[in-house]
Each structure stands twice: as structure tokens, then as C-alpha cells.
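Below: one structure, written as C-alpha cells.
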Amino acid sequence: MQIVQTIAQLRAELKTMRAGGKTVGFVPTMGYLHDGHLSLVQKARQENDIVVVSVFVNPTQFGPNEDLDAYPRDAERDLSLLRAGGTDIAFFPAVDELYPPGFTTYITVEGPMTQTLCGRSRPTHFRGVATVVSKLFNMVGPDRAYFGQKDAQQVAVIEQMVRDLNFDIEIVACPTVREPDGLAMSSRNTYLSQTHRAQAPLISQALFGARDLVEKGERHSAVVVDYLKTNIQRIDGAEIDYVSIADSRSLSDLDILKGDVLIAVAVKLGRTRLIDNIRIKV
Ligand code: AMP
């Protein structure tokens with residue numbers, strides 16, 4: 001595995017490695033890797049000749065009062081997991097490498113897609129995501145890029161950006177990897193106190209209960225939202241940011257469940273904000 005820190009090194013390595021028309025799979029991450037990230041690496045490994053993984057805690061996707069400084073980091077551990085996962089190039093750029101002094105260009109996916117759900121409480125988040133992902137796409141030039149369905153809104157935003165800006169990249173959305181008790185894996189789970197960690201699986205249980213309701217025939221969003229709110233409010237100390245039922249691709253609200261439906265929640269447990277979702281074809 002090559003470990004590279006500069007864009008020039010990354011381009012030089014890739015130029016040599018991809019000679020003869022080899023395909024490149026790319027997995028962008030913020031590090032502190034877990035099995036969710038590694039499932040993307042594994043899928044990229046299966047589908048491409050070369051696997052590139054970036055580890056970069058992207059400052060532009062954090063709001064002013066968010067957890068940029070506290071975000072967990074462990075480069076040594078990440079490197080050994082990436083090596084074991086069959087990564088060819090691990091890209092660990094410094095902040096100045098991606099955002100040198102004088103940087104002023106941002107990518108904004110406009111409209112409700114970035115203003116609803118997480119966009120409501122994190123108004124500049126998706127601008128930061130779209131900007132860093134398009135920069136990384138330009139550096140790596142992958143054939144395929146792998147994203148987790150755990151961040152369903154991110155997948156929708158990146159797919160929109162790829163369509164709108166004509167990136168010649170296939171976006172592959174991979175299923176959410178969960179802890180044995182159902183909690184969606186996340187680097188932020190390390191923030192949870194023992195008490196909150198014990199209660200956190202109730203969020204995914206509420207989502208699974210909502211899925212059962214829909215599978216039994218419920219089609220009114222209001223009923224499903226009510227079910228979710230009632231169950232999540234039972235969790236001691238939980239504060240609901242949103243409960244949403246929307247079309248998976250456009251993220252527009254649905255009153256009646258129909259088509260490819262995203263049921264998504266964001267919940268604060270103490271100071272930790274957790275997101276989770278399920279997708280159902282109705
Ligand atoms: P992050 O490091 O949190 O920015 O995540 C990097 C990538 O891993 C994103 O595409 C995430 O959606 C994905 N990811 C994070 N957690 C999970 C999970 N539990 N299951 C599947 N993918 C995940």
C-alpha cells in the first residue's frame with residue numbers, strides 16, 4: 001500500500017498504477033475507520049483493479065459550533081485497517097493541501113435536497129461535502145466511487161452533483177453496517193456515554209418497527225412519523241432533530257408512501273447527534 005500526502009504524489013502513483021486501462025475504485029472517508037467504512041473498501045476491492053481510500057477530516061463540512069476539533073482521529077490504526085482491507089493507495093492530505101491560502105471556490109447543490117433533513121440544522125454541511133468530494137474526484141479520477149447508505153442524504157446530493165456536473169463516475173451506494181444490537185456504525189458513536197450507548201439501539205429499533213408497519217400495509221406518512229416520534233421520545237434524554245419520510249432520490253416529502261421511500265431520523269443523545277435511516281420500495 002502506498003501512503004501519499006500530496007496531490008502531486010497521488011497523481012504520479014495513479015498514473016503508473018492505472019497504465020494499461022486499469023479501473024480505479026475510490027472511497028472517501030474522514031477516518032477513524034470501522035466496519036462500515038471497510039465494507040465500502042471491500043466492495044471497491046471486488047469491483048476494481050486499484051483501490052484508493054482518502055482519509056481527510058474536511059473542515060468545510062463542519063459548522064462553526066460543531067465537532068471539527070473533537071472529531072476522533074487515529075491514523076496508525078486507519079493505516080493498518082486499510083492495509084488489511086487491500087487498499088492500494090491511502091491518501092492522507094493535510095488541510096492546507098486541499099484548502100491552500102486563497103481558496104475560494106465552492107460547489108453548492110441548490111434546492112430542497114440540501115435544505116431539508118440534515119441541511120436544516122447544518123446549513124453549510126452539504127456545500128462542504130460537495131466541494132471536497134468534487135475536488136477528490138478531480139484528483140483521483142475514479143471509475144467508481146463508494147458511499148454508505150447510512151448517509152442517505154449525502155448519497156442523493158452526490159448523485160445529483162455527478163449528474164449536474166457530468167462527472168464520468170459511477171456512484172455505488174452500499175448498505176448500512178450495524179453493530180450486533182442494531183446501532184448504525186459511526187465514528188461519532190465513540191462520543192456516547194455508557195448510558196446513551198445502551199439506549200442508542202432504540203433508534204434503529206424504532207426504524208425497524210416503522211418498516212414493519214409499512215410492510216403490513218400502512219401508507220400514511222403521518223401515521224409512520226407519529227409511530228417513530230412516540231418511540232424515539234421514550235428514549236431517556238433523546239431530542240429529535242427530525243423524522244422524515246421522503247422520496248429517496250429527490251428527498252421531497254411524501255404524504256403517502258409510494259415508490260423508493262427513505263425513512264430517516266436524526267436524534268441527539270446528550271451532545272451526540274446520531275442519524276439513521278431505512279429505505280423501502282413501496
Ligand atoms: P465518514 O468517514 O463518516 O465521512 O464516512 C465515509 C463513508 O463511509 C461515507 O460514504 C459513509 O456513508 C460511509 N459509512 C459510514 N458509516 C457507515 C456504516 N455504518 N455503514 C456503511 N457505510 C458507512
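The values are calculated or read from the model by the stated rules, or taken from the named source; none is laboratory data. Quick caveat, the model's predicted, so the values are computed rather than measured. So basically every Cβ, Gly included, is an ideal-geometry build from the backbone, and we count neighbours across all protein chains shown. The protein model used for the area step is the full one, side chains on, heavy atoms only, and it has no ligands, DNA or RNA in it. Shrake-Rupley method; radii C 1.70, N 1.55, O 1.52, S 1.80 Å.
Counting only the backbone N, which residues of the stretch 54-84 are under 16 Å from the spot 7 Å out from the Cα of Ser121 toward its beta-carbon?
62-68
Toward the positive end of the charge dipole of the chain, about the Cα centre and with charges on Cβ (Lys, Arg +1; Asp, Glu -1), which of Asn58, Ser221, Leu38 goes farthest?
Of Asn58, Ser221, Leu38, it is Leu38.
Using helices alone, I'd like the mean residue ellipticity at 222 nm for the chain: each DSSP H run of four-plus residues gives -39500 (n - 2.57), total over residue count, nearest 500.
-11500 deg cm²/dmol
Which trypsin sites (Lys or Arg not before Pro) from the stretch 195-282 combine a DSSP loop assignment with at most 13 other Cβ atoms within 10 Å?
Answer by residue number: Lys216, Arg234, Lys258, Arg271.
As an exercise, use a Förster radius of 25 Å and the Cβ-Cβ distance of Tyr106 and Arg18 to find the FRET efficiency, rounded to the nearest 0.05.
0.30
If you roll a 1.4 Å probe over the heavy atoms of the protein chains, what accessible area per residue do you get for the chain, in Å²?
Value for the chain: 48 Å² per residue.
Which residues' amide hydrogens lie under 5 Å from the amide hydrogen of Asp276, considering only partners 5 or more residues apart or on another chain, with H built in the peptide plane?
Distant-sequence amide H within range of Asp276: Val265.
Taking all protein chains in place and a 1.4 Å probe, what share, in percent, of the accessible surface of the stretch 157-271 do carbon and sulfur account for?
46
Find how much the distance from Asp226 to Arg11 grows on full extension, using 0.36 nm per residue of separation minus their present alpha carbon separation; answer in nm with one decimal.
Length gained between Asp226 and Arg11: 72.3 nm.
Just for the chain, what percent of DSSP beta bridges are antiparallel, to the closest 5?
55
Once you order the gyration tensor axes a ≥ b ≥ c over the Cα atoms, which shape class does the stretch 162-250 get: rounded for a/c under 1.5, otherwise prolate or oblate by comparing a/b with b/c?
It comes out oblate by the Cα gyration axes.
Can you pull the one-decimal nm distance between simple spin-label points at Lys281 and Phe208, each 7 Å off the Cα toward Cβ?
Once both label points are built, they end up 2.2 nm from each other.
Place a +1 charge on the Cβ of each Lys and Arg in the stretch 187-281 and a -1 charge on the Cβ of each Asp and Glu, then give the dipole magnitude about the Cα centre in debye, rounded to the nearest 20.
280
Mind checking the full-extension length gain between Arg73 and Arg249? Use 0.36 nm per residue of separation minus the Cα-Cα distance, one decimal, nm.
Computed gain between Arg73 and Arg249 is 60.2 nm.
What is the angle, in °, between the Cα long axis of helix 75-84 and the longest principal axis of the Cα atoms in the chain? Nearest 10 is fine, range 0 to 90.
80
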